[in-house]
Protein chains: 2
Amino acid sequence: MESLEEFKAFIKKGHLEYRPNTSVDCVIFGYHEGELKVLLVRNKLLTKWCLPGGYIRKVETLEEAASRITMNRTGIGNLFLQQFKAFGNPDRNQSQTVDMNRLSEYVKMDSRNLGWLEGPTITIGFYAITDIVHAKPAPDIFSSECAWFPMTDLPKLGFDHDELVREALFSMRLHLYHFPIGKNLLPEKFTLREVKEFYEAMSGKELNASNFPNKLISLGLISKTKEKRKIGAHRSPVYYTFNKKAYEKALKEGLVLV
Amino acid sequence: MESLEEFKAFIKKGHLEYRPNTSVDCVIFGYHEGELKVLLVRNKLLTKWCLPGGYIRKVETLEEAASRITMNRTGIGNLFLQQFKAFGNPDRNQSQTVDMNRLSEYVKMDSRNLGWLEGPTITIGFYAITDIVHAKPAPDIFSSECAWFPMTDLPKLGFDHDELVREALFSMRLHLYHFPIGKNLLPEKFTLREVKEFYEAMSGKELNASNFPNKLISLGLISKTKEKRKIGAHRSPVYYTFNKKAYEKALKEGLVLV
């Protein structure tokens with residue numbers, strides 16, 4: 001462990017900086033060229049893969065906590081971030097989180113110091129979306145590794161994080177129809193085929209070729225450029241680009257995209 | 001006050017039964033014959049109208065707490081209930097909730113007894129939908145009244161509840177496109193015009209006459225009965241009814257309804 005001291009300090013003094021019994025967990029979706037992945041960290045104590053997460057600082061909003069955590073794990077600020085659900089079953093912290101005796105032994109500290117980590121914890125789930133090539137995955141002090149896993153081949157996760165991924169995916173797939181999300185995920189200029197491919201990866205199903213692309217055009221979210229992709233004499237698809245102003249407005253107000 | 005003793009007992013012993021610093025607030029939408037309303041309670045201490053809400057019992061899930069609260073305020077169990085957002089700004093409980101000195105004076109108890117009610121509170125927002133005629137509004141021990149207000153003419157609410165209503169409305173209006181919700185709100189048998197009117201009240205905008213009705217038919221959620229409404233010789237619209245099985249499935253799995 002690189003930073004057992006850092007870990008101990010967190011446990012000893014955490015109650016001064018963080019709210020007890022309340023955390024944020026982040027499902028960070030990564031997209032690149034037609035593939036959807038999820039960023040996971042390998043928890044040192046559970047030795048299982050889990051979602052990146054953390055406690056909420058007393059001075060932070062929930063959104064600021066989620067933004068800090070996604071920034072620290074990916075190296076990218078201002079990700080598209082959405083709260084999707086709070087999880088607070090009374091058994092969350094008994095059956096599903098770290099065993100206190102094991103933690104006490106691990107950090108070689110009296111278990112009385114761990115008091116603020118005990119009791120049922122409510123976690124607020126956020127999801128984020130980034131382009132995989134822009135992210136620099138970095139583990140936190142509780143984790144030994146941080147890596148991308150294909151959505152279609154996730155390991156069994158620790159805690160109740162399988163449920164969190166399921167709920168994040170469900171919410172993200174509803175939001176696909178109500179928020180524009182392709183900016184920063186598609187190249188600066190893209191073809192309509194790339195838009196379709198993007199929405200297929202995100203929604204997990206085959207789509208009618210024109211559904212999302214046509215609606216994005218008719219709502220003024222994307223428009224034609226004068227450039228074409230050079231493929232061959234007879235196949236030179238036009239490049240499209242996002243309209244920043246319409247995009248920002250739709251992101252704020254929501255829309256109906258079907 | 002009917003029950004100052006009950007109120008005092010809650011404050012004194014609440015920490016044994018409820019989780020500290022975590023509450024549930026409920027935006028209970030009421031629909032009847034084309035009009036959308038919201039159920040509010042008049043807080044005795046703030047003397048302002050607020051959302052119904054309460055602390056979460058240590059043995060309850062968040063959903064169970066929301067279900068108990070909506071049941072107690074409306075007299076109806078098993079309402080359509082959806083979590084929409086958690087609210088946890090660090091200033092929620094300082095600037096926006098009940099003044100502790102005032103509470104202490106009110107209940108004539110030492111303010112040390114109120115400790116478990118202090119500190120920043122995270123609230124989990126749920127919305128519910130019911131038919132107004134089925135509900136029997138009942139205030140809780142913190143409120144003097146409980147009544148329906150038209151969505152288009154709400155008073156300025158206490159705490160940060162204006163924001164909660166805004167966010168609940170935004171979520172409910174997204175969910176309109178992804179969950180069937182008309183059962184128990186429309187009559188047993190209804191015309192397509194009533195379906196349109198219902199979706200217009202819920203979405204707050206004028207809709208194309210056929211949009212929602214046609215999609216509900218094509219997805220098998222509603223179907224024709226053999227009866228017609230008797231209006232006149234030339235205008236006898238057919239009655240439709242919900243298909244229970246398809247409805248329950250869509251409620252569980254979600255759908256795309258546009």
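Since every read-out is calculated from the coordinates, none of them should be taken as a lab result. Being a predicted model, the structure only gives us computed values, none of them experimental. Backbone-built Cβ (ideal geometry, glycine too); neighbour counts: all protein chains shown.
Calculated FRET efficiency, B:K244 to B:N211, Cβ-Cβ distance, R0 = 22 Å: about 0.40 to the nearest 0.05.
When the helices of chain A are scored as -39500 (n - 2.57) per DSSP H run of n ≥ 4 and the total is divided over every residue, the value at 222 nm lands at -9500 deg cm²/dmol. By its C-alpha gyration tensor, with a ≥ b ≥ c as the square roots of the eigenvalues, how is the protein assembly as shown shaped: rounded for a/c under 1.5, else prolate for a/b larger than b/c, else oblate? Oblate, because a/c is 1.5 or more while a/b does not exceed b/c. Basic side chains Lys and Arg get +1 at the Cβ, acidic Asp and Glu get -1 at the Cβ, and with that the dipole of the protein assembly as shown about its Cα centre reaches some 1580 debye. In a DSSP loop and with at most 12 other Cβ atoms within 10 Å, the GluC sites (Glu not before Pro) in segment A:1-67 are A:E2. For segment A:155-258, the equivalent ellipsoid built from the Cα gyration tensor has semi-axes of 29, 17, 12 Å, listed from largest to smallest.
Calculated on C-alpha atoms, the gyration radius of segment B:4-175 divided by its Kirkwood radius gives an Rg/Rh of 0.95. Extension gain for A:A9 to A:F170 (0.36 nm times residue separation, less C-alpha to C-alpha distance): 54.2 nm.
With +1 on the Cβ of every Lys and Arg and -1 on the Cβ of every Asp and Glu, and nothing else charged, how large is the dipole of segment A:192-253 about its Cα centre, in debye rounded to the nearest 20? The calculation lands at about 320 debye. Inter-copy label distances for A:S210: 1.7 nm (label point placed 7 Å from Cα along Cα→Cβ; shortest first). With 32 Å as the limit, write out which pairs from B:K37/B:K244; A:K189/A:K249; B:K205/B:K245; A:K183/A:K205; A:K156/A:K230; A:K249/B:K245 have Cα-Cα distances beyond it, or answer none. Result: A:K156/A:K230; A:K249/B:K245 exceed 32 Å. Rounded to the nearest 20, the Cβ-based charge dipole of segment B:1-151 about its Cα centre (Lys and Arg +1, Asp and Glu -1) stands at 300 debye.
Sites count as exposed loop sites when they are trypsin sites (Lys or Arg not before Pro), lie in a DSSP loop, and have at most 10 other Cβ atoms within 10 angstrom; the longest stretch of chain A without one is A:1-107. A convex hull fitted to the Cα coordinates of segment A:192-253 yields 100 cubic angstrom per residue. Hey, got a sec? Which GluC sites (Glu not before Pro) in segment B:179-258 land in a DSSP loop and have at most 12 other Cβ atoms within 10 Å? Passing sites in segment B:179-258 are B:E188, B:E206.
Of all the options B:T61, B:T70, B:T130, the one that moves most in a Gaussian network model of chain B with Cα springs shorter than 10 angstrom is B:T61. Annotation for segment B:1-38: chymotrypsin sites (Phe, Trp or Tyr not before Pro) lying in DSSP loop with at most 12 further Cβ atoms inside 10 Å of their Cβ do not exist.
Tell me which of A:Y127, A:W148, B:L219 sits at the most positive position along the dipole axis of the protein assembly as shown, charges placed on C-beta atoms (Lys, Arg +1; Asp, Glu -1). About the Cα centre, the residue reaching furthest to the positive side is B:L219.
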